[in-house]
Structures are given as C-alpha cells and as structure tokens.
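No value in this document is a laboratory result; all are computed from the given coordinates. Nothing here was measured: the structure is a model prediction, and the numbers come from that model. Backbone-built Cβ (ideal geometry, glycine too); neighbour counts: all protein chains shown.
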Amino acid sequence: MAEYDRQTMGARAGSAAVIDQGLRSYMLRVYNYMTGGLVITGLVAFFTSQWALSSAENAQLIYGSPLSWVIMLSPLAFVLVLSFGINKLSASTAQMIFWAFAGVMGLSLSSIFLVYTGASIARVFFITAATFGAMSLYGYTTKRDLTGIGNFLIMGLIGLIIASIVNIFLASSALDFAISAIGVLIFVGLTAYDTQKIKESYSASHSGEVLAKGAIMGALSLYLDFINLFLMLLRLFGSRE
C-alpha cells in the first residue's frame with residue numbers, strides 16, 4: 001500500500017512538472033508574440049514619421065487626407081477579426097493577422113514622433129515597460145482571484161471610452177488629464193488581470209493548434225494593455241515638440 005502511494009504521488013508530481021513546464025513555454029510564447037508586435041509597431045511608427053517629415057506632401061497624405069481615417073480605424077478592424085473569427089482561423093493565419101495589426105498600429109501611432117520629443121517617448125516607454133513587467137509578474141504569481149477586479153476595470157474602461165468621445169467635443173484639458181490618470185490605473189490593473197486570465201486558460205490537454213491560437217490572443221490582450229498604458233503615460237509625462 002505504501003509503495004502504491006509513493007508511485008501515485010510520484011506520478012502526480014511528474015504530471016505537475018510537465019504542466020508547469022508547458023505553462024512556462026506557453027507564457028513565453030505569449031510574451032514573444034507581444035514583444036514582436038511592439039517591435040514592429042515601433043519601427044513602423046518611427047519610419048512612417050520620418051517619411052512624413054521628409055516633405056509636406058507626405059505629411060498631408062498621412063495626417064491630413066481621408067487616408068488618415070483609414071489608418072486610424074484599421075487597427076480596430078484587425079482586432080475585431082481576431083476576436084470574433086479566431087475559432088475559424090488557422091494558427092498561421094491568425095499570426096499573420098496579428099503581425100499585420102501591429103504594422104497598421106504603427107502607422108496610426110506614427111504621429112506621436114511629431115508631437116512629442118524622442119527623449120520623452122523613450123523615457124515613457126521604459127517607465128511603461130517597468131510598470132507592465134511588474135504588474136504582469138504579479139498577475140502570474142498571485143494566488144488572489146482577480147476576476148472581480150477585472151470585471152470592475154472593464155466597466156471602468158467602457159466609461160473611459162465614453163468620456164474620451166465626449167471630450168472630443170468638449171476639448172477640456174482637465175477632463176483629458178483625468179482620463180489619462182484614470183486610464184493609467186485601469187490598464188495597470190488590466191495587465192495583472194489579463195496575465196492571470198491567460199495563465200488560467202492554459203491546459204496541457206489542448207492541442208497544439210488551440211494553444212497556438214490562444215497564445216496569439218493572449219499576446220493581443222497584453223499588447224493592447226501595454227500600448228494603452230504607454231499612451232496614457234505619454235499624455236501625462238511626455239514633453240511636446
């Protein structure tokens with residue numbers, strides 16, 4: 001009987017070790033996708049801004065023509081395709097759409113290099129990276145269930161979007177500051193919540209295709225958390241040209 005118990009405990013320990021290793025590999029894939037997306041976005045944003053600065057015609061085409069609306073709204077279309085069509089897409093197709101989304105996002109964010117100084121963009125980026133890393137680590141390691149907090153933050157995000165739309169017409173600097181400050185708190189919390197949700201969604205019984213698509217969607221969630229946190233911090237601490 002004792003020998004049976006030892007064998008059972010050994011089998012459970014071995015299974016836990018396999019799951020833990022699989023989870024680490026899965027999370028590493030998520031972070032690699034997210035990091036790759038951020039690199040693509042940053043490069044596209046920088047080189048697009050330099051191209052726009054090379055002539056008034058280029059700047060007018062990117063920022064002053066109807067094309068600017070297409071560039072601004074295109075990222076949302078990619079997010080919707082991935083969010084609602086992921087079950088019908090292959091993992092390779094979903095990955096290609098994610099890279100394309102990151103590139104289009106770079107086009108839409110290229111104007112920040114015209115509005116803010118390069119030094120302040122770099123400074124805020126590193127602040128964002130440190131904050132994001134700390135909160136994502138917390139979300140991965142904490143034993144506390146963040147579901148209730150996450151639901152509250154999602155409701156807050158909806159309110160933040162509504163307030164941002166209203167402020168387009170009001171153009172209130174005070175409201176803009178409040179939106180940015182509250183936005184930082186919301187996306188800091190969502191980083192921890194989304195990390196925990198991605199971790200809990202992992203299952204060693206899932207097929208490679210399911211895990212591959214799950215990693216892409218997890219990367220998309222964390223990518224959006226990072227980008228929005230960066231933009232909120234930039235609006236608070238960025239130095240304008």
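Structure data summary
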item	result
The chain - mean residue ellipticity at 222 nm from DSSP helices (-39,500 (n - 2.57) per run, n ≥ 4, rounded to 500)	-30500 deg cm²/dmol
Selected from 216, 165, 127 as most flexible by GNM, with the chain as the system and alpha-carbon contacts under 10 Å	165
Dipole-positive endmost among 223, 46, 27 within the chain (Cβ charges, Cα centre)	27
Under 24 Å from the Cα of residue 143 - lysines, other chains or at least 8 residues apart	197, 199
Rh by Kirkwood over Cα pairs, then Stokes-Einstein D for the chain at 0.890 mPa s and 25 °C, µm²/s	124
Interchain or long-range residues, amide H under 5 Å from residue 116's placed H	241
All lysines inside 19 Å of residue 88 as judged from Cα atoms, apart from same-chain residues fewer than 8 positions distant	213
